[in-house]
């Protein structure tokens, strides 16, 4: 009954279906076809991205586990390790924002605690269409409620995030969720099965018909029938997940578990196959034993359901009772559904009949891999700025306008809806360069940030890719953390189109170059293609989640200006690059030109020097310079510190607007005490780091070159009100 | 000083409370909701979180947990029982405290620092605290305190209002009411003042590196008063 037409309806290509028949030497039955389509879709197989991702740097002295597991793991000393990953849940969130976002958070939490780690922080990167688009407000509200609804109930603080608006997301929003967990180095759990005849255990929620083919949907292009796909969106139950977390950690304290894997995308299919594949074993499952929520579920439905809050565990023999007792204590389903075998096949039984019999290597090793055609994107020519235009601009008006820009304004309306203080260790809250949580009961703290810059990536993917890694690195350094590693969530359009594939390839190259140079390897990640509606793709949006260590949390640096009469320096050279800046795009309405150039030598040198100054206790506050340039950065420091500054533009060749609004990279603003200035200067000169004296901290007001003046209250209002007003309309 | 923190399925501030109680000198035990006996305690705490997922109604299912009979007996015989956030919701569901916590006015979860004015110091929870207001942290979706007019009259007649959302100086107005609570109520007592329910989380404010330290004032004072 299975034929080419049904295969194509499952998202497989004609050639792929032929390959399946050749590998099996027969026609698959419908359940088998479902399994192939789930394992071979883009989301699970990485068939278009694999050959490019393998070039990313993934190793380093502090890397315990790189990509290929449920999440990456890094060493933070004293037997402690941090497990982390970022993942997308874009398509479900567009169809059903609350559940889509909620289950995105649930999924990434499971990826982390599957490895034995207790989650200690959540982050997210969310991107919406133009604020004027009719769907944007409801999507934003739904996504924020969903992220909060899940994370708050789990009792994990959401410590940082990023929100942007751009018309390219009108028909395809992005929701990327990231989780960090803490584990002892010798108690990390992996997904590789080992040993024959070991019991295969199903725990967590019952299996229902929700989310069937969710992974295939994630690999499809949106069209006007998208609303019909609502039933493929999974429904989250954070309460069950909280129980599952506690039960798993309780079982993990002992020595019962050989391997464990959460049932995420493609549910029972991918979890069972991945565990067996990694252990080079076979797996046998009796589907009648799988706890089901609904009546008369077929093998096809059971295998492809994406019901949430479920785990698959391979236990040591004889540990079944210990495990059962723990899951019963937490009121969770527990069922022995199968065993490991030496067949190297997945064999499924239903009503005493064998319903699936597939060699595992055909699903995994033999899955398709494509070297898709891609087009290189040239660096655009610099735009000539009409400097006459500047004359009519009032600098303080421009500053107010930029501070209230949807992509710069305060996102307090969002993060106040996330519990960011539960667990009692959040020492730097959202709205900072990075979020910071202490490692409970120690002096150590972990800083984390999530960044993306679709505008730069769209203008020139190679530069954009490098830029995000650098921005992540700067955000960590700005709070006094030593950057260790990153996770990436690569959100792109249709890989079958040369332009979109080119954006992907070159962004990945850029990420690779920067992370290699900065010794800031990629330890985990996820690729989300087909982010487009009909013919229109999103701007390329890789999100980078960075993690760093602060050895003594008392040395953490914040961005609020601290003391009147302190000196404020700009570290790094300002060339006045305006193309693709907020100033050029939103004030001058010029959208062409190259993004700011990345100089990796300066990036590293400047960053390490700032970290050195922090270690020597010279830095009182710090902030990296990003969107909106120096003036936007210092304005935020003034707002946070309730202080002013008297700014004097250094005697450069460039104009005031270029100096203050240019988005050159590799720069920081730091506040130091007057008495230390000579010592700081000495270090900067010795390290060949360029610096400018920006000005002196004052009681109130920003005064620029003794001419323009604006109060901090006014700036604060500009910064704070846009989102609140937008959401209350 | 012995204390007990009850863990319900879905509690998520139980550990934070344990940390806080121990920091200020309590010998604390964690008690599972399915237990029947309460350990010998000078103070019992129902912690924050989402007991039973907040399904049905916040605190409704937890109020029927096995351990609750012992907790209710303990409180009725004069034992000190404190419910924070979800714990406060459980206390109203058990009817140990009057009223109910409705969904926040703007129908959104709120997580932020607030000031609360101490309304009554003639009890072991707030006696000897010199500050008029405390800066504490709230994190809830259902903190909008509500009760009938008769209940309010009784609450006021017996001086049962413990904490009121206020500004830094103790002024009570709608601008500092984060969730729409009737009369800005952030916490109430039973008539005997041995049972306290409040929405703010003092356990999140016990360290200068955190949001603030006014929680330390509360716990230090509590341990001294219960001695």
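Brief remarks follow.
- Residues of segment B:39-53 that are within 12 Å of chain A (Cβ to nearest Cβ) and under 17 Å from the mean Cα position of the chain (by Cα): B:47, B:48, B:49, B:50, B:51.
- From A:418, A:456, residue being crowded, with 24+ Cβ neighbours inside 10 Å, within 13 Å of chain B (Cβ to nearest Cβ) and either closer than 16 Å to residue A:163 by Cβ or touching a helix residue (DSSP H, G or I) at 6+ places or on another chain (Cβ under 8 Å) (or both): A:418
Yes/no matrix, rows are residues, columns are (1) touching a strand residue (DSSP E or B) at 6+ places or on another chain (Cβ under 7 Å); (2) modelled with pLDDT of 95 or more:
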position	(1), (2)
A:559	yes, yes
A:562	yes, yes
A:566	yes, yes
A:570	yes, yes
A:587	no, no
A:592	no, no
A:597	no, yes
A:606	yes, yes
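- Residues that are crowded, with 19+ Cβ neighbours inside 10 Å, assigned to a loop (DSSP other than H, G, I, E, B) and touching a helix residue (DSSP H, G or I) at 6+ places or on another chain (Cβ under 9 Å), drawn from segment A:59-81: A:70, A:71
- Scanning segment B:187-209 for residues that are crowded, with 20+ Cβ neighbours inside 10 Å and within 10 Å of chain A (Cβ to nearest Cβ) gives B:201, B:203, B:204, B:205, B:206.
- Test for residue A:468: is it in contact (Cβ under 8 Å) with a residue 40 or more places away in the chain, within 23 Å of residue A:635 (Cα to Cα), in contact with a strand residue (DSSP E or B) (Cβ under 6 Å, 6 or more places away or on another chain) and at the interface with chain B (Cβ under 10 Å from one of its Cβ atoms): no
- Residue identified as within 28 Å of residue B:210 (Cβ to Cβ), touching a residue at least 12 places away in the same chain (Cβ under 8 Å) and assigned to a strand (DSSP E or B) among B:83, B:170, B:180, B:87: B:83
- Filter result for residue B:64 (more than 17 Å from the chain's Cα centre (by Cα), away from chain A (no Cβ under 14 Å) and without any contact (Cβ under 8 Å) to a residue 12 or more places away in the chain): yes
- Scanning segment A:220-253 for residues that are at pLDDT below 85 and buried (at least 24 other Cβ atoms within 10 Å of the Cβ) turns up A:233, A:234.
- Residues within segment A:430-451 that are surrounded by fewer than 22 Cβ atoms within 10 Å (Cβ to Cβ), within 9 Å of another protein chain (Cβ to nearest Cβ) and either modelled with pLDDT of 95 or more or under 22 Å from residue A:152 (Cα atoms) (or both), tallied: 1
- Looking only at segment B:133-147, and only at residues there that are in a loop (DSSP other than H, G, I, E, B) and within 14 Å of chain A (Cβ to nearest Cβ), the one that is surrounded by the fewest Cβ atoms within 10 Å (Cβ to Cβ): B:142
- In summary, helices (runs of 4 or more DSSP H) completely within segment A:237-334 and bearing 3 or more residues that are away from every other protein chain (no Cβ under 14 Å) and within 33 Å of the chain's Cα centre (by Cα) occur at A:238-252, A:267-278, A:299-304.
- Residue within segment A:31-43 that is outside any loop (DSSP other than H, G, I, E, B) and surrounded by fewer than 22 Cβ atoms within 10 Å (Cβ to Cβ) present: no
- Subset of segment B:66-88 (residues that are out of contact with any helix residue (DSSP H, G or I) (no Cβ under 8 Å at 6 or more places or on another chain) and closer than 21 Å to residue B:34 by Cβ): B:66, B:67, B:69, B:70, B:71, B:72, B:73, B:74, B:75, B:79, B:87
- The residue list A:664, A:701, A:624 contains one member that is touching a strand residue (DSSP E or B) at 6+ places or on another chain (Cβ under 6 Å) and under 29 Å from residue A:517 (Cβ atoms), which is A:624.
Residue-wise test of (1) farther than 30 Å from residue A:594 by Cα; (2) assigned to a loop (DSSP other than H, G, I, E, B); (3) out of contact with any helix residue (DSSP H, G or I) (no Cβ under 6 Å at 6 or more places or on another chain).
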{"residue": "A:622", "(1), (2), (3)": "no, no, no"}
{"residue": "A:654", "(1), (2), (3)": "no, yes, yes"}
{"residue": "A:659", "(1), (2), (3)": "no, no, yes"}
{"residue": "A:681", "(1), (2), (3)": "yes, no, yes"}
{"residue": "A:684", "(1), (2), (3)": "no, no, yes"}
{"residue": "A:694", "(1), (2), (3)": "no, no, yes"}
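Here is a yes/no grid of residues against (1) away from every other protein chain (no Cβ under 14 Å); (2) touching a residue at least 40 places away in the same chain (Cβ under 8 Å); (3) under 19 Å from residue B:204 (Cβ atoms); (4) in contact with a strand residue (DSSP E or B) (Cβ under 8 Å, 6 or more places away or on another chain):
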residue: B:2; (1), (2), (3), (4): yes, yes, no, yes
residue: B:5; (1), (2), (3), (4): no, yes, yes, yes
residue: B:31; (1), (2), (3), (4): yes, no, no, yes
residue: B:37; (1), (2), (3), (4): yes, no, no, no
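- When segment A:148-189 is limited to residues that are within 14 Å of another protein chain (Cβ to nearest Cβ) and within 18 Å of residue A:97 (Cβ to Cβ), the one that is surrounded by the fewest Cβ atoms within 10 Å (Cβ to Cβ) turns out to be A:149.
- Unmet criterion (only one of (1) touching a strand residue (DSSP E or B) at 6+ places or on another chain (Cβ under 6 Å); (2) in a loop (DSSP other than H, G, I, E, B); (3) within 14 Å of another protein chain (Cβ to nearest Cβ)) for residue B:96: (3)
- Segment B:210-227 - residue that is within 13 Å of another protein chain (Cβ to nearest Cβ) and over 16 Å from the mean Cα position of the chain (by Cα) and, of those, nearest to residue B:3 (Cα to Cα): B:213
- Tally, over segment A:363-391, of residues that are within 30 Å of residue A:283 (Cα to Cα) and surrounded by 15 or more Cβ atoms within 10 Å (Cβ to Cβ): 6
- Qualifying positions in segment A:351-377 - over 22 Å from residue A:44 (Cβ atoms) and in contact with a strand residue (DSSP E or B) (Cβ under 7 Å, 6 or more places away or on another chain): A:354
- Index of the failed condition, residue A:545 passing every other in (1) more than 19 Å from the chain's Cα centre (by Cα); (2) closer than 26 Å to residue A:601 by Cβ: (1)
- Subset of segment A:82-100 [buried (at least 24 other Cβ atoms within 10 Å of the Cβ) and over 13 Å from the mean Cα position of the chain (by Cα)]: A:82, A:83, A:91, A:92, A:93, A:94, A:97, A:99, A:100
- Answer from A:527, A:547, A:570 - the residue that is more than 14 Å from every other protein chain (Cβ to nearest Cβ), in contact with a helix residue (DSSP H, G or I) (Cβ under 8 Å, 6 or more places away or on another chain), part of a strand (DSSP E or B) and over 28 Å from residue A:427 (Cα atoms): A:527
The values are calculated or read from the model by the stated rules, or taken from the named source; none is laboratory data. All of these numbers come straight from a predicted model, not from anything done at the bench. Reconstructed Cβ throughout: ideal geometry from the backbone, glycine too, with neighbour counts over all protein chains shown.
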